[in-house]
Amino acid sequence: MTTWDPRQYAAFADERARPANDLLAQIPLESIAAGADLGCGTGAQLAQIARHWPAARLWGVDLSEEMLAVARESLGRAFSPEDGRRIRLERADLGAWQPPEPLDLIYSNAALHWLDDHGALLPRLMGFLKPGGVLAVQMPRNYAAPAHQALGETLATGPWRERLAPLLRPEPVSPPEAYDEMLAPFASRLDVWETVYYHRLSGDDPVFDWVKGTAIRPFLDALDAEQRPAFEDACRARLRAAYPKRADGVTVFPFRRVFFVAVKG
Ligand SMILES: C[S@@+](CC[C@H](N)C(=O)[O-])C[C@H]1O[C@@H](n2cnc3c(N)ncnc32)[C@H](O)[C@@H]1O
């Protein structure tokens, strides 16, 4: 199981919030009775969902105790104990999780790419919705980007090769049209789109700092503490070369993401 560092993840909170909000804005539901945020992380979007649909019973589901601990605290601060009772956090693997009741909304931002076999997962999630309910998902689709190539080269060339190379997963996220095909049999309305965000980052190694919060976590977990600094240095150097800092101090980090909003028929 991958360990998460909520503080490292939050380092780019504004950039990571943008696609989450773009997804929320496309949910065509006036009111909902019950919903879930799958892979809710630190609970930022769960809080927004709770504010947007103030009568809804909500579940935030995540496997990481570190992330859930931050979510528990921030939701506790944001909502009164009375209002907070309708929001429940649950530690579970999304591959096995089932909701306690049929849902109006399943929202998942930047989480389902950690699971394989979307062809089986997405029909299962659609099965948890009431008719007219909505599945709203965003996932990164950035394997073709220089950042992933740099990571692949780092894995393949260091003393950690034997240990880490088998952990490199094949691209888990399919092209947009594949999601259209997977979801069309279950949906009365379907919206699939893809966006490349050109994040403008500052600092010396912002792309390394970004992937340290997400993509390279499974590899850091698999290394001994003594091996980690050399691996991090190798990643940092390759990412710095792949995404050079401009003279004005800005590093542009293009990031492709796929979205879909499916209304159950
Ligand atoms: C990149 S974070 C996104 C968090 C939040 N949705 C956001 O947008 O800020 C991915 C989250 O998915 C969770 N996750 C990954 N695989 C999971 C699984 N199999 N079951 C449950 N949660 C999982 C991680 O623990 C992490 O909190």
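The values are calculated or read from the model by the stated rules, or taken from the named source; none is laboratory data. Bear in mind that the values here come from a model prediction, so they are computed numbers and not experimental data. Here the Cβ positions follow ideal geometry from the backbone for every residue, glycine too, while neighbour counts run over all protein chains shown.
One line per residue, one yes/no per condition, for (1) without any contact (Cβ under 8 Å) to a residue 60 or more places away in the chain; (2) within 11 Å of the ligand (Cβ to nearest atom); (3) in contact with a helix residue (DSSP H, G or I) (Cβ under 6 Å, 6 or more places away or on another chain); (4) of a type in the set (Gly, Ala, Ser):
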residue	(1), (2), (3), (4)
Val61	yes, yes, no, no
Val70	no, yes, yes, no
Phe79	yes, no, no, no
Asp83	yes, no, no, no
Arg88	yes, no, no, no
Ala111	no, yes, no, yes
Val134	no, no, no, no
Met139	no, yes, yes, no
Tyr143	yes, no, no, no
Candidate set from the stretch 14-41 (those that are part of a loop (DSSP other than H, G, I, E, B) and within 14 Å of the ligand (Cβ to nearest atom)); member that is surrounded by the fewest Cβ atoms within 10 Å (Cβ to Cβ): Gly39
The stretch 1-13 residues that are under 17 Å from Leu201 (Cα atoms) and part of a helix (DSSP H, G or I), paired with ones that are more than 10 Å from the ligand (Cβ to nearest atom) and at pLDDT 80 or above (beta carbon under 7 Å, 6 or more apart): Gln8/Lys212
Examine the stretch 206-222 for a residue that is touching a strand residue (DSSP E or B) at 6+ places or on another chain (Cβ under 6 Å), modelled with pLDDT of 95 or more and not in a helix (DSSP H, G or I), and state whether such a residue exists. no
Which of the residues that make up the stretch 53-81 are out of contact with any Ser or Thr (no Cβ under 8 Å at 6 or more places or on another chain), surrounded by 14 or more Cβ atoms within 10 Å (Cβ to Cβ) and over 26 Å from Gly95 (Cα atoms)? Ala78, Phe79
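Check Arg189, Arg256, Arg200 and return the single one that is away from the ligand (no atom under 16 Å from the Cβ), over 30 Å from Pro131 (Cα atoms), modelled with pLDDT of 95 or more and of a type outside the set (A, V, I, L, M, F, W, C).
Going through Arg189, Arg256, Arg200 in turn, the sole match is Arg200.
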